[in-house]
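The values are calculated or read from the model by the stated rules, or taken from the named source; none is laboratory data. A quick note: this is a predicted structure, and the numbers were derived from the prediction, not measured. Please note: Cβ atoms are built from the backbone with ideal geometry, for glycine as well, and neighbour counts cover all protein chains shown. All accessible areas refer to the heavy atoms of the entire protein, side chains included, with ligands and DNA or RNA removed. Shrake-Rupley method; radii C 1.70, N 1.55, O 1.52, S 1.80 Å.
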Amino acid sequence: MKSSEIRSKFTEFFVSKGHEKLESSSLIPQNDPTLLFANAGMNQFKDYFTGASTPNNRKAVTVQKCVRAGGKHNDLENVGFTARHHTFFEMLGNFSFGDYFKKEAISFAWEFLTKELGIDKSKLYVTVHTSDQEAADIWHNQENVPRENIFFLGDKDNFWEMGEVGPCGPCSEIFYDHGPENTDPNADISDCILNDEVRYVEIWNLVFMQFEKYKEDGKIKRRDLPKPSVDTGAGLERVAAAMTGNYNNYETSLFQPIIKEIEKLTGKKYKENLAYMRVIADHIRASTMLITDGVIPSNEGRGYVLRRIIRRATRQLEELGLNEVTLYKLIPKVWEILGDEYPENKRNSSLAEKYLKLEEENFRRTLSTGLELLNKEIAKLKTDTLPGELAFKFYDTYGFPMDLTEVILREKNLKLDIAGFEKSMEEQKERSRKASDFSAAEDNQKIFHDIKKKHGVTEFLGYQSLTHKAKLLSKEKVGDHFALTFDKTPFYAESGGQSGDSGEILGGDSILASIIDTQKPVDDLFVHYSKDADALKIDHEYVLKVNGHRRDLTTRNHTATHLLQSALIEVLGDHIKQAGSAVDQERLRFDFTHPESVKKSELRRIEQIVNEQILKGSDVNAEVMSKEKAMQKGAMALFGEKYGNEVRVIDVPGFSVEFCGGTHVKNTSEIGLFSITSESSLAAGIRRIEAVASNGAFERVSTRMQILEEIENKFKVKGEEVLTRADQYIKDIREKQKEITELKEKLQSQASGDLFSNPETLKGEMVFKSVNAPEGSDVRKLGDLFIDKNPKGVVLITAVKGDKASVLLKTFKGNKEINCSNILKSAFDAVGGRGGGKPDMAQGSVTPDKLGDVETKIRESLF
């Protein structure tokens, strides 16, 4: 049975049991700063399990894309060398949010495995928590699992908890027996045969959330949950291996199409290169899915983990003899395996292709450089052992695996300090753990969750109206502001990059309070912030009035942003994806994926295309439709954003179609004008364009016209002649600067004759001169002049400028008797100066009053 069939059977089975099929969340966790990557099916449902949010359906089924590489959950180094470690994997999961519990969960799991998939019952074993006799009895009495096939394990293996506080409960795990031919001879099976983890492999985990941990009087306590829940997870790769009679996950249809392509590209046999090809097959899945979910290779956080995955795969290609850029050629095979389940990732395929090519090209160059530098370090060795921290530097910076360094050293009869390498590795892991611990900055949203739980969601009326009557439901003091919620509102709450509305609260004809911002701290709850809402009363009705002028300008900038994205794609390519945006009444900012700076000519063309669309006067249509229909229409979605079954689509016919919940103009002509103000780098592979539209664009053009008129008046020319005149002036100035520099050097050279006269004899043919140079002198240039005139000389040159004195100590190259760097450093240490350099020249600075002491110390070292 193919993996795609297992996916389909799983979701169809649970849909038939009343579950709603929900999409996988992004690999980049949304609103969960505790995670580096999504690593389990339940991540997206945390608020449902804690009661912070209420689901539309209390039963759900998902196929969740997961990554474990970096941070706390890191399987990267094991991948390729074991049967079941992966960076990217898929988790099949069914969930009950206060609906069914143990009996149903156990029944569903057993029925699916033994009837839908037809797995032999005799090959399945079960574990339960030591305290959960109830689950053990259900397995035996309800599903006829023999008592001898049910094992009781403790908290370490069979108790799950979300954190220090929150939902928790016992687990029940299902194991598959891969047969006596796959046995770990070292496993201690005296108390439980399942300790032989080679033979018995966990394929499904059922978590029964029946308790809640809470803090009271400084102590952690536990109580029963009023509505227990279920969270289950079955690794698709493990289930597929069991279903196909394969011990190793890599032998399944989830990996074999990629491996066969690697065989074709390399001309080598899989059976003779198992580890290399398994690493590549795993890593191309992970890197393709990460990039198409919005992670860009970089030197920090998620981007750094991705970069390591790509580099590790590239190293294996090199080992297989492939010295050309290759990884991107495997992308079609990834979609053959994953494309049907994750169409939103497949749509971003060109992005993966572009960044995989770029990253592999760069790394291959880096690898070559690293090899050269490693050989230089080997040449410097004074022992037969390369320090571990140096080997780790090559591993971390240049992607050299430790075993490659060992091979190179062994060829030269040298050894590697493995203990030092491992120590450096552990230190890096600790830094990584700290960098990936995002838990410190979470805001306490409990107050807003409670309001939503009590009053429900806010009805938004702002697409149709800017003024509406509404009932005040809650008023909370948050810092210096009142946080107000109403049953309905015309105020747009900040989201999707668009800033929140401001405005007024009216009672009759009077302004009772001002709204300075509107936010959405939890889904669908609109919170209005005010500083002067003291007089407002709960359950009273008021008129809410949005600042129409501000909203109008913001709306024009927002639609202009949509036009900008489509223009970027037209000019630069379909690898362009939105990576962030900010829109308010004054300006717009758009962040997008692109590996290099945008040329000026490209920026001009992008700006021109947007203004052509504005002049065209196209209608802007907003329509709510099914997500499936929107995707068929070609609507662009935001990276990592989770959308419901119904989505709002903004369509500029023939030019731009995007998912968007923001406010927009009715016709592109309302925007008036668009002007790009800057283009810059935001991060590796991410560019940023800032621009203005409407009034802001007209003001920018007007201001620049005024500046041009002033320049025309000063230059006494008009229009394009200004450029010709400016170029001539720049050329003249450069020529004059060159003449001045040459004249200064000539004068300095002439003056040096007097400055350098009568040097002292130092040692043998060596002479020494101490010079106080005139203010503003180029001490380096003077040093060169002295050595030109005195090839065996040593010179100390000082020059005072204000409250700072420059000091230069210089000698001829190859002087084995004098080390300028050491001498100057010793002198500076005594007087508090700062500086350094090389054996033949060192430079630094001190306060002028210390110059005498510096010269004395230097003379003591020289004479």
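Within the chain, the longest run free of exposed loop sites, counting GluC sites (Glu not before Pro) that sit outside DSSP helix and strand states (H, G, I, E, B) and have at most 10 other Cβ atoms within 10 Å, spans 325-595. The length gained by stretching the chain between Thr369 and Asp184 to full extension, at 0.36 nm per residue less their Cα-Cα distance, is 62.3 nm.
Taking the C-alpha atoms only, the angle from helix 256-266 to the longest principal axis of the chain is near 30 degrees. Label positions at Thr761 and Thr677, each projected 7 Å from the Cα along the C-beta direction, are separated by 7.2 nm. Of the trypsin sites (Lys or Arg not before Pro) in segment 200-286, the ones in a loop by DSSP (not H, G, I, E or B) with at most 12 other beta carbons within 10 Å are Lys269. With K and R counted +1 and D and E -1, the other residues having a Cβ less than 12 Å from that of Val722 yield a net charge of -2. Taking the longest Cα principal axis of the chain as reference, the axis of helix 274-292 is set at about 90 degrees. Dipole of segment 779-839 computed with +1 at Lys/Arg Cβ and -1 at Asp/Glu Cβ about the Cα centre; of Ile787, Gly832, Asn819, farthest Cα towards the positive end is Ile787.
What the phi angles of segment 782-798 give under the Karplus curve with 6.51, -1.76 and 1.60, with θ = phi - 60°, is a coupling list of 5, x, 4, 4, 5, 5, 4, 7, 10, x, 10, x, 9, 10, 10, 10, 10 Hz, glycine and proline written as x. For segment 726-863, a simple Cβ point-charge model (Lys and Arg +1, Asp and Glu -1, everything else neutral) yields a dipole of about 320 debye relative to the Cα centre.
At the residue level, Ser757 shows approximately 50 square angstrom of accessible surface with a 1.4 angstrom probe and all protein chains present. Shape of segment 791-838 from the C-alpha gyration tensor: oblate (a/c of 1.5 or more and a/b not above b/c, with a ≥ b ≥ c the square roots of its eigenvalues). Taking 19 Å as the cut-off, the amide N atoms of segment 807-831 that come nearer than this to a point 7 Å along the Cα-to-beta-carbon line of Thr847 belong to 807, 827-831.
Classify the chain: rounded, prolate or oblate, from the alpha-carbon gyration tensor (a ≥ b ≥ c, eigenvalue square roots; a/c under 1.5 rounded; otherwise prolate if a/b is larger than b/c)? Numbers along the way, then the final one.
Working: a/c = 2.07, a/b = 1.31, b/c = 1.58.
Oblate shape, in that a/c is at least 1.5 and b/c is the bigger or equal ratio.
Using 0.36 nm per residue of separation minus the Cα-Cα distance, give me the extension gain between Phe698 and Asp534 in nm, one decimal. Don't skip to the end; give the middle numbers.
Values: separation 164, 0.36 × 164 = 59.04 nm, distance 4.05 nm.
Once the chain is fully extended between Phe698 and Asp534, it gains 55.0 nm.
Under a model in which nothing but the beta-carbon of Lys, Arg (+1) and Asp, Glu (-1) is charged, the chain shows a dipole of about 1940 debye around its Cα centre.
When the chain is described by a simple charge dipole with +1 on each Lys and Arg Cβ and -1 on each Asp and Glu Cβ, the residue from Ile284, Tyr643, Leu409 located farthest towards its positive end is Leu409.
Under a Cβ-Cβ cut-off of 10 Å, what is the net charge of the residues other than Phe13 that fall near it, where Lys and Arg count +1 and Asp and Glu count -1?
Working: positive: Lys9, Lys17, Lys115; negative: Glu12, Glu111, Glu116.
For residues surrounding Phe13, the net value is 0.
Simple point charges give the picture: +1 on the Cβ of Lys and Arg, -1 on the Cβ of Asp and Glu, and for segment 625-765 a dipole about the Cα centre of about 480 debye.
When you filter the trypsin sites (Lys or Arg not before Pro) in segment 615-671 for DSSP loop state and at most 12 other Cβ atoms inside 10 Å of their Cβ, you are left with Lys633, Lys666. Here's how it looks for Ala533: its modeled amide H is under 5 Å from those of Phe482, which are all 5 or more places away or on a different chain. Taking 0.36 nm per residue of sequence separation and removing the Cα-Cα distance, the Ala726/Lys103 pair yields an extension gain of 215.9 nm. Phi angles across segment 476-491 convert, under the Karplus curve 6.51 cos²θ - 1.76 cosθ + 1.60 with θ = phi - 60°, into 3J(HN,Hα) values of 10, 8, 10, x, 8, 10, 8, 9, 10, 10, 10, 5, 8, 7, x, 7 Hz, Gly and Pro given as x.
Applying both filters, DSSP loop and at most 11 other Cβ atoms within 10 Å, to the trypsin sites (Lys or Arg not before Pro) of segment 781-863 gives Lys813, Lys816. Taking R0 as 22 Å, what's the FRET efficiency between Lys121 and Met1 from their Cβ-Cβ distance, rounded to 0.05? The pair Lys121/Met1 has a calculated efficiency of 0.80.
Per residue of the chain, the DSSP helices (runs of n ≥ 4 H) give a summed -39500 (n - 2.57) that works out to -12000 deg cm²/dmol at 222 nm. In terms of accessible area, using a 1.4 Å probe and ignoring ligands and nucleic acids, Asp651, Asp784, Asp191 rank largest first as Asp191, Asp784, Asp651.
Between 0 and 90 degrees, the angle of helix 820-831 with respect to the longest Cα principal axis of the chain falls at about 80 degrees. For Glu261, the shell of other residues with beta-carbons less than 11 Å away shows a net charge of +2, using +1 for Lys and Arg and -1 for Asp and Glu.
Largest first, the residues Met162, Met705 sort by 1.4 Å accessible area into Met705, Met162.
Sequence-distant contacts, meaning Cα pairs under 8 Å at least 6 residues apart, place the relative contact order of the chain at 7 percent. Apolar share of the accessible surface for the chain: 46 percent from carbon plus sulfur atoms, 1.4 Å probe. Please name which of Ala582, Val527, Ala470 has its Cα lying farthest along the dipole of segment 467-607 towards the positive end, using unit charges on Cβ (Lys, Arg +1; Asp, Glu -1) and the Cα centre as origin. Towards the positive end, the residue furthest out is Ala582.
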